[in-house]
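**Student:** Before we start, here is the structure in question, set down as structure tokens.
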There are 4 protein chains.
Amino acid sequence: MKDLNVGLVGYGFMGRTHSNAFHQVARFFDVPYRPVLKALCARKPDRAKAFAANWGYQSVEGDWRDLVARADIDVIDIASPNDTHHDIAIAAAKAGKMVMCEKPLGRNAKEARGMVEAVESAGVPNTVWYNYRRVPAITLLKKLIDEGKLGRIFHYRAKFLQDWTISKDLPQGGEGLWRLDVNVAGSGVTGDLLAHCIDTALWLNGRIDEVTAMTETFVKERKHNLTGKVEPVGIDDASAFLCRFQNGSLATFESTRYARGHKALYTLEINGEHASAFWDLHDLHRLQWFDHHDEGQVRGWRSVHITDGDHPYMKHWWVPGLQIGYEHTFIHQCADFLSAVGAGKPCPPTFRDGLATDYVTDAVLASAKSHQWEKVLH
Amino acid sequence: MKDLNVGLVGYGFMGRTHSNAFHQVARFFDVPYRPVLKALCARKPDRAKAFAANWGYQSVEGDWRDLVARADIDVIDIASPNDTHHDIAIAAAKAGKMVMCEKPLGRNAKEARGMVEAVESAGVPNTVWYNYRRVPAITLLKKLIDEGKLGRIFHYRAKFLQDWTISKDLPQGGEGLWRLDVNVAGSGVTGDLLAHCIDTALWLNGRIDEVTAMTETFVKERKHNLTGKVEPVGIDDASAFLCRFQNGSLATFESTRYARGHKALYTLEINGEHASAFWDLHDLHRLQWFDHHDEGQVRGWRSVHITDGDHPYMKHWWVPGLQIGYEHTFIHQCADFLSAVGAGKPCPPTFRDGLATDYVTDAVLASAKSHQWEKVLH
Amino acid sequence: MKDLNVGLVGYGFMGRTHSNAFHQVARFFDVPYRPVLKALCARKPDRAKAFAANWGYQSVEGDWRDLVARADIDVIDIASPNDTHHDIAIAAAKAGKMVMCEKPLGRNAKEARGMVEAVESAGVPNTVWYNYRRVPAITLLKKLIDEGKLGRIFHYRAKFLQDWTISKDLPQGGEGLWRLDVNVAGSGVTGDLLAHCIDTALWLNGRIDEVTAMTETFVKERKHNLTGKVEPVGIDDASAFLCRFQNGSLATFESTRYARGHKALYTLEINGEHASAFWDLHDLHRLQWFDHHDEGQVRGWRSVHITDGDHPYMKHWWVPGLQIGYEHTFIHQCADFLSAVGAGKPCPPTFRDGLATDYVTDAVLASAKSHQWEKVLH
Amino acid sequence: MKDLNVGLVGYGFMGRTHSNAFHQVARFFDVPYRPVLKALCARKPDRAKAFAANWGYQSVEGDWRDLVARADIDVIDIASPNDTHHDIAIAAAKAGKMVMCEKPLGRNAKEARGMVEAVESAGVPNTVWYNYRRVPAITLLKKLIDEGKLGRIFHYRAKFLQDWTISKDLPQGGEGLWRLDVNVAGSGVTGDLLAHCIDTALWLNGRIDEVTAMTETFVKERKHNLTGKVEPVGIDDASAFLCRFQNGSLATFESTRYARGHKALYTLEINGEHASAFWDLHDLHRLQWFDHHDEGQVRGWRSVHITDGDHPYMKHWWVPGLQIGYEHTFIHQCADFLSAVGAGKPCPPTFRDGLATDYVTDAVLASAKSHQWEKVLH
């Protein structure tokens, strides 16, 4: 097992999930590289030092340009806010580094396209942390679809419901709240939550060509934490769209931070000729599965507890019946990335896959504005 | 308790649910009228006689015009296919009969408008059998909304999923299959299933002004049972739309007969500032309820088993814990209709309410065709 | 279809469920007899008249001896409190009447034995209303077991949990509360709730030879509604036992009226070598089914919605997806009884089956007292 | 943060969970000590080296006596089979080491008593890895009980159901299968699974004085992997008991490895005067909670998703809605142990608590043999 030197940018929520993945991956998976936490890069020196100490980063940088310039770094992992992805990723690619980037890839497709060009020109390994592809239940579903178990697909539906921004007193922008600042985030729930739904959908169900959408900003003004002033809210609080997939199936998508009672309810369902499946992030270790070939009198939705050794990724963990959690999806992606690097293969979702999602979110936002169906670029 | 003489048109699925309601209502509810099953009207004499014998109808008519002409009939109940609603209802109203009509009111708003004018001109009591308003869980939800328990509403979502028409070998039209014949039914799932979702939504959440929709006919040709030939399918197999309610909330609606694994999965959810609710026809005796005012550490979705004496309609049935079923919703509507007649009040959903749903389904079908947002008439 | 003249004793909760069954059965099932509600017998004349009027009984009797003496009665249906079962049933049998008896058959096995002897000597059709055998999900489970789908049985567990007697202010005895009066009821939850669990278990899983049990009376004194005085409570508030079935499987049984949060939670589970099943009265229209032969990666508990035409009894009701409720189990038993009478066959659970349950409840109560394992008589 | 030098004995399933806990604890919890993985002790040198390399143990020992003798070890963690617990723990205590021991403490109470005496005489910190106390849902339940939210307790029920030993072809004994060898394990499911149920119950609901039990060995002979011969099976395959708690509540307990369809279904329920709770290991991140004080019409079981910052342990992990898994319970116990050591306080369950469980399991096994109620020693 060779070392792979990692330079992480960002120490927020995603900085923690990625760091944990780097630590855990080689203990549980047989990977060709062991990540070495070489350097952390973040803006506030004190917090950066504390984070680095806690997670075992060997050094701290204050400017990502310095990090990218270091010869002892193999991979740049971008876990900082959305407005930083573009510049860092391009610089890293130009410097010949592998690049791992938190989702969404860009604040919009234009940014993302530049990033794709950079990594592809440089020929460096790259991946976007759409971690839900590596929930074992979803990975299994992909396998079942690929095996033809569902037959012709008629329907796809996905939603991502949260409720944490309902209070009017919640400020926008600044530490921990940049997801509410349109300049930093690019968009609201469309880029944050709906993008997850779209990435999984494109992977499971193929291409989308056109959408009709609506968005809403329920709370129009919030105090901005950086300026201290009450300012118009630029993000979308809720977002929904209809579309047809290229395989002829119909779909509904929705995301919001105003669905009281749901913390992070990402659900998806796919209905095929022969079988259907449903999944729910709030019980991520289960797959609901319906097989029409079952004998009629005892046919029903099966609640499959995805904890057996023959379920994707699960032989690396504990014993049947004992569930894993959210953080493991990052470990799985890290394992797959390291294996792909070792094998000289791409690790999807690549930047190009991330761009495909940005094309859809761009079309969604455009349709909501134009009040018309909008084509998805490709 | 006075007698109320009923003349029923139709002996299909709905003929049975209505007949059962007429029989059961006065045993369980304290109503001012007892329905007397005076006459059944249907086309095939042998089947009509058998049905009448089984359900205790005192006489049989072969032509609805004869039924309407009878002096001993107080109320005409229309449970025949959609293409018959318009003419029968108008004739009945003109003859001064009360009119109960199975949903949807008309095959389209134009038909429905004529029917509304007829009953309103005649001043006769009228109701449309959108029976799901009388599921105790939904009636309770209406009460909770009216009490302000949810506060400002942000989201509404409803879907009605079935899977019984997936097989290409299923014929269209004729006995038991007229719902697949566009001439008889008017539309496919839009008028059949989506109409239920819309009626409940308008009742719970208010007016809809504009929609963007898509529909699909997955199986393009089917053998027609009346002609014996393979003919193009005219109905929509699936239908979905987005809209805003007048109260500012966003909504997604969907219906299909191609969702493998779902027999009659009508679900609805409403998210308010303070509380949310979810309901599912497959477990119609439960209401899922989330109250944000609950103490944080034990806050969660409550699965309320709607079988207590203080739940709507339930004191008339058994004891706590013992569920009722689908058929009871018709008994409830019948009880309310009889009480309303006794009190000289309307029994919603009236024909006017039924027309409102037809306006929405018309807009949905129009939008699917025009590929544009379409206004809902009022 | 011939008439079958019914004389009902009792107008309480069970009087209603039986009356409803007599009314509904012939409309939904193809039975050789149509029940005619000839006479109602009950103690309080005013209430009896009102009940008879509501349910359409043609006459009212004040003394069951007069009812039994009537030549125009074919079947005596006993829905009065437990302390009346013995005398009425024996007199009815001696008078050559068919006898239907609400459960438990006797207040104890001694009473029940006399009743069995009476009906068997007289050779009259007889049945005990252990209605849960006719929940379609349970009837289906019996079929699956008989087909050998479960293989060798290892475990059975059942419980019946309620919470309606927790309040110390609830009186014992008298109208609507006789189930708390040991002299009337015979026992508390053992004869009331546990008896249901035992009847189903004996039917599904065979004979029990020995039990170890414990019972408890949580509230020791309650006001008695008949005497007006605070008196010791004689019934068991909770009851549990362990046993082995003759087929070698192990079982746990429990019943209580002190399980806060449960209204009528009768659940049962059976685990076999190849398959397992779980059922729950609070969602009586579902059977949970696990089949180990399913492909490993998508193996899970199936939630089977028992509403299809190929499910027991269900082709007589509505369409797939539309559930029936509690009251229908009585209609099913009535249909089976009428068919059995027509065919000259017994309709289980017969009085002899009812006695078998009384033998087990006797052993449970004896074991709780003796603090030892007790043999079950046969 | 000071270093705490750990010497681990055992490299099986539990060796992995403990090692992971030692690695993760200080990154997520603010603890006074950072575990240093000083040495691994295990019998097979090759496997030991590989395990040590993977988990970062600095050295390997082949004999636990050598490990205990090392001056550079602060805490001995026993994760080896049950028959080794007694000798290692006593030696470690005598050597003045802190001792952490996998459950059950001894193969029986006699062994456990010796271990308690050893650690108490030596005055060394000690704990038993009954990890389920640190499932956040269960820790929360303990808090709710202590706050008096449930009031007087009427019922407790727990079961632990698995299905992995149903096949007759499964051998007993040897690598990975020592749990089926009575000499190594001490007992079957009683010490393995039921012990978990008992530990949690004693913690939540207090003392048990007497039990009536039954056990069964369904498969009487299995090939023994160490001898290569078919030998009688000495363990109990299933075990159940009834008891009363000192607080007057009644309880049922059951454990088995023959419940087809259940992988590791540990469930518990407690019913109090005012509230009830239910928990299930297969969805360990949820607590089902019923509060009778809720308004009647919307009263129901709440499904509480235990992922908020105000839930026990959860502020150290991710954000609301994102679940943790099985492995985290060990990390929590490790955090509590380190904090307790820092504060000079005991970390329950201590060895004395572990002994209390062994007293109950001894009584269960005795009762199953004697066919009588048996007192629990204290």
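**Student:** Is segment A:247-261 home to any residue that is assigned to a strand (DSSP E or B), farther than 22 Å from A:Ala363 by Cα and away from chain D (no Cβ under 14 Å)? Even if it seems obvious, please write down each step before you answer.
**Tutor:** Taking segment A:247-261 and keeping what is assigned to a strand (DSSP E or B), we get A:250-256.
Pick out the ones that are also farther than 22 Å from A:Ala363 by Cα and you get none.
No, the conditions are met nowhere in segment A:247-261.
**Student:** Taking segment A:1-50 on its own, how many of its residues are part of a helix (DSSP H, G or I) and under 23 Å from the mean Cα position of the chain (by Cα)?
**Tutor:** Quick first cut of segment A:1-50, residues part of a helix (DSSP H, G or I) only: A:13-28, A:45-50.
Among the residues that remain, those that are also under 23 Å from the mean Cα position of the chain (by Cα) are: A:13-26, A:28.
Summing the residues that are part of a helix (DSSP H, G or I) and under 23 Å from the mean Cα position of the chain (by Cα) in segment A:1-50 gives 15.
**Student:** With the structure loaded, tell me whether C:Leu193 is of a type in the set (A, V, I, L, M), under 17 Å from the mean Cα position of the chain (by Cα) and open to solvent by less than 20 Å² (accessible area, probe 1.4 Å) or whether it fails that test. Break it down into steps so the answer makes sense when it comes.
**Tutor:** On the way: of a type in the set (A, V, I, L, M): yes; under 17 Å from the mean Cα position of the chain (by Cα): yes; open to solvent by less than 20 Å² (accessible area, probe 1.4 Å): yes.
Answer is yes for this residue.
**Student:** Within segment B:299-336, work out how many residues are open to solvent by 10 Å² or more (accessible area, probe 1.4 Å), part of a loop (DSSP other than H, G, I, E, B), more than 7 Å from chain C (Cβ to nearest Cβ) and not acidic (Asp, Glu).
**Tutor:** Qualifying residue count for the region: 4.
**Student:** Only one of (1) buried (at least 19 other Cβ atoms within 10 Å of the Cβ); (2) in a helix (DSSP H, G or I); (3) within 14 Å of chain D (Cβ to nearest Cβ) fails for A:Ala363. Which number is that?
**Tutor:** Checking A:Ala363 against (1) buried (at least 19 other Cβ atoms within 10 Å of the Cβ); (2) in a helix (DSSP H, G or I); (3) within 14 Å of chain D (Cβ to nearest Cβ), the one that fails is (3).
**Student:** Of C:Met100, C:Met115, which residue is in contact with an Asp or Glu (Cβ under 6 Å, 6 or more places away or on another chain) and either of a type in the set (S, T, N, Q) or crowded, with 24+ Cβ neighbours inside 10 Å (or both)?
**Tutor:** Values: C:Met115 fails: in contact with an Asp or Glu (Cβ under 6 Å, 6 or more places away or on another chain).
Testing whether each residue is in contact with an Asp or Glu (Cβ under 6 Å, 6 or more places away or on another chain) and either of a type in the set (S, T, N, Q) or crowded, with 24+ Cβ neighbours inside 10 Å (or both) leaves just C:Met100.
**Student:** Follow-up question, since we're still on this one. Those residues that are within 14 Å of chain C (Cβ to nearest Cβ) and either buried (at least 21 other Cβ atoms within 10 Å of the Cβ) or of a type in the set (Phe, Trp, Tyr) (or both), I need them from segment B:266-281; list them, please.
**Tutor:** Across segment B:266-281, the qualifying residues are B:Tyr266, B:Trp279, B:Leu281.
**Student:** Sticking with this one: Identify, please: which residue in segment D:198-213 is in a helix (DSSP H, G or I) and open to solvent by 30 Å² or more (accessible area, probe 1.4 Å) and is, among those, nearest to C:Glu374 (Cα to Cα)?
**Tutor:** Per the criteria, the residue is D:Leu202.
**Student:** Follow-up. Give me a count of the residues in segment B:211-256 that are of a type in the set (Asp, Glu) and without any contact (Cβ under 8 Å) to a residue 24 or more places away in the chain.
**Tutor:** Of the residues in segment B:211-256, 2 are of a type in the set (Asp, Glu) and without any contact (Cβ under 8 Å) to a residue 24 or more places away in the chain.
**Student:** For the list (1) closer than 30 Å to B:Glu147 by Cβ; (2) touching a Pro at 6+ places or on another chain (Cβ under 7 Å); (3) β-branched (Val, Ile, Thr), I need the number of the one condition that D:Val341 fails.
**Tutor:** (1)
**Student:** Among the residues of segment C:31-51, what is the count of those that are open to solvent by 50 Å² or more (accessible area, probe 1.4 Å) and more than 21 Å from C:Cys334 (Cα to Cα)?
**Tutor:** Of the residues in segment C:31-51, 7 are open to solvent by 50 Å² or more (accessible area, probe 1.4 Å) and more than 21 Å from C:Cys334 (Cα to Cα).
**Student:** Using the structure shown, decide if D:Ser167 is surrounded by 23 or more Cβ atoms within 10 Å (Cβ to Cβ) and at pLDDT 95 or above. Break it down stepwise before answering.
**Tutor:** On the way: surrounded by 23 or more Cβ atoms within 10 Å (Cβ to Cβ): no; at pLDDT 95 or above: yes.
Here the answer is no, as D:Ser167 does not meet what is asked.
**Student:** Identify, by number, the condition in (1) part of a helix (DSSP H, G or I); (2) buried (at least 18 other Cβ atoms within 10 Å of the Cβ); (3) of a type outside the set (D, E, K, R) that B:Asn54 doesn't meet.
**Tutor:** (2)
**Student:** Could I ask something else about it? Evaluate segment C:71-86: report whether one residue or more is at pLDDT 95 or above, buried (at least 24 other Cβ atoms within 10 Å of the Cβ), polar (S, T, N, Q) and touching a Pro at 6+ places or on another chain (Cβ under 8 Å).
**Tutor:** yes
Listed here are the residues, each with its yes/no results for (1) more than 14 Å from chain D (Cβ to nearest Cβ); (2) more than 20 Å from C:Pro136 (Cα to Cα).
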| position | (1), (2) |
| --- | --- |
| C:Trp164 | no, yes |
| C:Ser167 | no, yes |
| C:Leu170 | no, yes |
| C:Gly173 | yes, yes |
| C:Gly176 | yes, yes |
| C:Leu180 | yes, yes |
| C:Val184 | yes, yes |
| C:Thr190 | no, yes |
| C:Asp199 | yes, no |
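**Student:** Follow-up question, since we're still on this one. Please give the number of the condition C:Asp294 fails out of (1) more than 26 Å from C:Ala366 (Cβ to Cβ); (2) in a strand (DSSP E or B); (3) among the acidic types (Asp, Glu).
**Tutor:** So the condition that C:Asp294 fails would be (2).
**Student:** Residues in segment A:201-259 that are among the acidic types (Asp, Glu) and either under 26 Å from B:Arg257 (Cβ atoms) or more than 24 Å from the chain's Cα centre (by Cα) (or both): how many? First the steps, then the outcome.
**Tutor:** So the first thing to find is which residues in segment A:201-259 are among the acidic types (Asp, Glu), and the list is A:209-210, A:216, A:221, A:231, A:236-237, A:254.
If we keep only those that are either under 26 Å from B:Arg257 (Cβ atoms) or more than 24 Å from the chain's Cα centre (by Cα) (or both) too, we end up with A:209-210, A:221, A:231, A:254.
Within segment A:201-259, residues that are among the acidic types (Asp, Glu) and either under 26 Å from B:Arg257 (Cβ atoms) or more than 24 Å from the chain's Cα centre (by Cα) (or both) number 5.
**Student:** Kindly evaluate C:Val9 against the criterion of being among the hydrophobic types (A, V, I, L, M, F, W, C), away from chain B (no Cβ under 14 Å) and touching a residue at least 40 places away in the same chain (Cβ under 8 Å).
**Tutor:** So C:Val9 fits the description; yes.
**Student:** Determine whether segment A:288-304 contains at least one residue that is free of Cβ contacts under 8 Å to residues at least 24 places away in the same chain and of a type in the set (Ser, Thr, Tyr).
**Tutor:** yes
**Student:** Could you tell me which residue of segment A:225-246 is farthest from the other protein chains (Cβ to nearest Cβ), considering only residues that are in a strand (DSSP E or B) and open to solvent by 10 Å² or more (accessible area, probe 1.4 Å)?
**Tutor:** Across segment A:225-246, the extreme among qualifying residues is A:Glu231.
**Student:** While we're on this one: Can you give me the number of residues within segment D:283-298 that are within 14 Å of chain C (Cβ to nearest Cβ), out of contact with any Phe, Trp or Tyr (no Cβ under 7 Å at 6 or more places or on another chain) and open to solvent by 30 Å² or more (accessible area, probe 1.4 Å)?
**Tutor:** 2
**Student:** Starting from residues that are out of contact with any Lys or Arg (no Cβ under 7 Å at 6 or more places or on another chain), touching a residue at least 60 places away in the same chain (Cβ under 8 Å) and assigned to a loop (DSSP other than H, G, I, E, B), keep the ones in segment C:98-129 and report whichever is nearest to C:Leu377 (Cα to Cα).
**Tutor:** Selected residue: C:Asn108.
**Student:** Just to verify a result, which residue in segment C:121-155, among those that are at the interface with another protein chain (Cβ under 9 Å from one of its Cβ atoms) and crowded, with 20+ Cβ neighbours inside 10 Å, is nearest to C:Ala95 (Cα to Cα)?
**Tutor:** C:Leu140
The values are calculated or read from the model by the stated rules, or taken from the named source; none is laboratory data. As the structure is a computational prediction, the values presented were derived from the model and not from experiment. Virtual Cβ from ideal backbone geometry, glycine too; neighbours counted across all protein chains shown. We work out accessible area using only protein heavy atoms, side chains counted, and drop any ligands, DNA or RNA first. Shrake-Rupley method; radii C 1.70, N 1.55, O 1.52, S 1.80 Å.
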